[in-house]
Amino acid sequence: MPKKGYRKRLKFRADVVCSESVTVADYANADPAIVKSGRLKKAIANAFEKEVKLLCGLEASQGPVQEVLSSAADEAKDVNDSSEELDSEEGDWESRGSRKKKNKRRKENGEGADGEEYPIDIWHVLAAYIRPEDICRFALICKNAWTVTCTAAFWKRLYRRHYSLDVDLPFRFQPDSLSKMRFLRARVIRSLFHLYEPFSLRVSKSPPLPDSTPSTLLNSKCLLFWVNKVSGTRAEPMWEFNFKFKKQPTKVKNGCAHSLLLPMQYKDVNFNPDSDCYLLRVTTLNFIFTSVVMGMTLSLFTINVSTDMRHHRVRLEFQDSPLFQGKRLRGEPGVQVVLDPVHSVRLMDWWHPQFPMLPHS
């Protein structure tokens, strides 16, 4: 006989309780609060769970029931999320449209410009208090400030502010040279390296040998080359090998360079044929025969220790054609210039006091 209290349990089948048995459509007429929240109320969920347990006889097993409840809640939540996404997208499009309308109104009313444009006379007054090392920063403020730095009055006033009778200036930098408008800007800048102490100290403190090999001259064209004999403290004379280079113009995308055009009346004032030129001066202890490299492009420049470990060695390599993307063409022979032993190496910009000036400048 069966034991007392024994009850026959129904065998559980997974296909009886599944997500297909209960769908969101069954709750279409339910309370809207249930659908909006995406979750069933606890009282309704407990009643539904109890009913399922009674039908299936699964008081101890709660896993399938939880799956049914979670699937129904997830489906309701997905519906709510999709509706919220649609609402948010519609709101974004409306906000974008309103922004475009506001920007269009601002452009029509002239309210889109930020700040105010001051007359050029104010910038002329402010330019009288600018230090020579701050001219570039001042010119970058706005177009009117840049235009002031292009005028002849600006450079003449800058020269008079720093001119001193105690300084021995070359004849080309004397006050009488200010009457010539051509090369005026270049002459004033070069004279400041004699008159203005911060600039003159910068030149005097430059070391005889650079800390690292400068890469400024790569892909530059050699315009001139000459050798000078120098008599110094040594019993034997030294030799200066001078190479004048000009930087190749950089290519700009779409063939246009985004730069301001100089005013026509001030082109002579700002004209400078040596603006992109450098002078490489290598002083050696002995005279060295070298090849002719004028008109060739510099592709390699190194400064190493000499074989005697007491001096330095300079190696220059030139090509007939410019470098393509910083690389030499294959199979093109180059001309090497090796200077050893080297006493000093100096790289000078066009404004350096020792940079050779053109006769007409």
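The values are calculated or read from the model by the stated rules, or taken from the named source; none is laboratory data. These numbers come from a predicted model, not from an experiment. Note that each Cβ is placed from the backbone with ideal geometry, even for glycine, and that neighbours are counted across all protein chains shown.
Things worth noting here:
- Any chance Arg182 is of a type in the set (D, E, K, R) and modelled with pLDDT under 90: yes
- Single residue of segment 216-243 satisfying the filter (free of Cβ contacts under 8 Å to residues at least 60 places away in the same chain and of a type in the set (Ser, Thr, Tyr)) that is farthest from Asp274 (Cα to Cα): Thr233
- Restricting segment 321-351 to residues that are closer than 22 Å to Ile288 by Cα and in a loop (DSSP other than H, G, I, E, B) leaves a set whose member that is modelled with the highest pLDDT is Gly334.
- Residue match in segment 181-196 (condition: surrounded by 12 or more Cβ atoms within 10 Å (Cβ to Cβ), within 30 Å of Ser306 (Cβ to Cβ) and of a type in the set (Gly, Ala, Ser)): no
- Any hit, segment 284-292, residues being in the same structural domain as Leu323 (by TED's automatic domain parsing), surrounded by 14 or more Cβ atoms within 10 Å (Cβ to Cβ) and outside any loop (DSSP other than H, G, I, E, B): yes
- Selection status of Phe225, assigned to a loop (DSSP other than H, G, I, E, B), of a type in the set (Phe, Trp, Tyr) and in contact with a strand residue (DSSP E or B) (Cβ under 8 Å, 6 or more places away or on another chain): no
- Residue within segment 128-146 that is of a type in the set (S, T, N, Q), more than 28 Å from Tyr278 (Cβ to Cβ) and surrounded by 13 or more Cβ atoms within 10 Å (Cβ to Cβ) present: yes
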